[in-house]
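Notes follow the structure.
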Amino acid sequence: ETGVTQTPRHLVMGMTNKKSLKCEQHLGHNAMYWYKQSAKKPLELMFVYNFKEQTENNSVPSRFSPECPNSSHLFLHLHTLQPEDSALYLCASSQQAGPGANVLTFGAGSRLTVL
Amino acid sequence: GQNIDQPTEMTATEGAIVQINCTYQTSGFNGLFWYQQHAGEAPTFLSYNVLDGLEEKGRFSSFLSRSKGYSYLLLKELQMKDSASYLCAVRDPNDYKLSFGAGTTVTVRA
């Protein structure tokens, strides 16, 4: 049982829809991450939050908008997506980002299909 | 940036041994991680190497050679449940971010 929970597990949306992915961790971690996992490609880091502050935005298009209301919750708001955005979106957490970073704990992911 | 290479797929027989190689070319190095990811599940941490040598954890071992930019994950006494994708990741000493390889899908056959 992973300590990081992601919902929904599966999402199908049209290009004009607005939806959100949710991530929750109860591990007492202070850093949270969004990764994109496409078939046969390396995980791509999208966003990093450390102590609720965004410390990384890895040149992600503005149609992806993260939100971190507290250290336990992370959202990814989706708007006007493209079919190439279809992928598995993984949330992860760690004790903190930067020099104090330890092992990442991942959620099971949200499988997104954009029609 | 980091360039992480690992084979795409490997197949082995139950009870056998499989070695998954990972080579990296990086501007710096602050540790190498191996993760296991079963289909539809979260990647889970397997091992961490920061110094040269072999780290053993039960049936799984991980080796690192920093001078060669090389690591391998050794899976012994393979079981059907070991069928999964294995991800190699290198941590950057400048920003402490992980760069991942594309993963190696291991299929264990009876």
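The values are calculated or read from the model by the stated rules, or taken from the named source; none is laboratory data. Not measured: the values here are computed from a predicted model. Reconstructed Cβ throughout: ideal geometry from the backbone, glycine too, with neighbour counts over all protein chains shown. Just so you know, the surface numbers come from the protein's heavy atoms only, side chains and all, with ligands and any DNA or RNA stripped out. Shrake-Rupley method; radii C 1.70, N 1.55, O 1.52, S 1.80 Å.
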**Asked** Given the conditions (1) within 26 Å of A:SER110 (Cβ to Cβ); (2) away from chain A (no Cβ under 11 Å); (3) among the polar types (S, T, N, Q); (4) open to solvent by 70 Å² or more (accessible area, probe 1.4 Å), which single one is not true for B:GLN19?
**Response** (1)
**Fill in**
Of the residues in segment A:87-115 that are more than 8 Å from every other protein chain (Cβ to nearest Cβ) and free of Cβ contacts under 8 Å to residues at least 40 places away in the same chain, the one that is nearest to the chain's Cα centre (by Cα) is A:ASN102
**Prompt:** Being among the aromatic types (Phe, Trp, Tyr) and out of contact with any Pro (no Cβ under 6 Å at 6 or more places or on another chain), is that true of even one residue in segment A:61-79?
**Reply:** yes
**Item:** Residues of segment A:1-16 satisfying the condition of being at pLDDT below 95 and either of a type in the set (Ser, Thr, Tyr) or under 14 Å from A:LEU76 (Cβ atoms) (or both)
**Value:** A:THR2, A:MET13, A:THR16
**Complete:** Scanning segment A:82-115 residue by residue, the ones that are in a loop (DSSP other than H, G, I, E, B) and either surrounded by fewer than 21 Cβ atoms within 10 Å (Cβ to Cβ) or at pLDDT below 95 (or both) total 11
**Asked** Right, B:GLY28: farther than 24 Å from A:GLY107 by Cα and either in contact (Cβ under 8 Å) with a residue 40 or more places away in the chain or not basic (Lys, Arg) (or both) or not?
**Response** yes
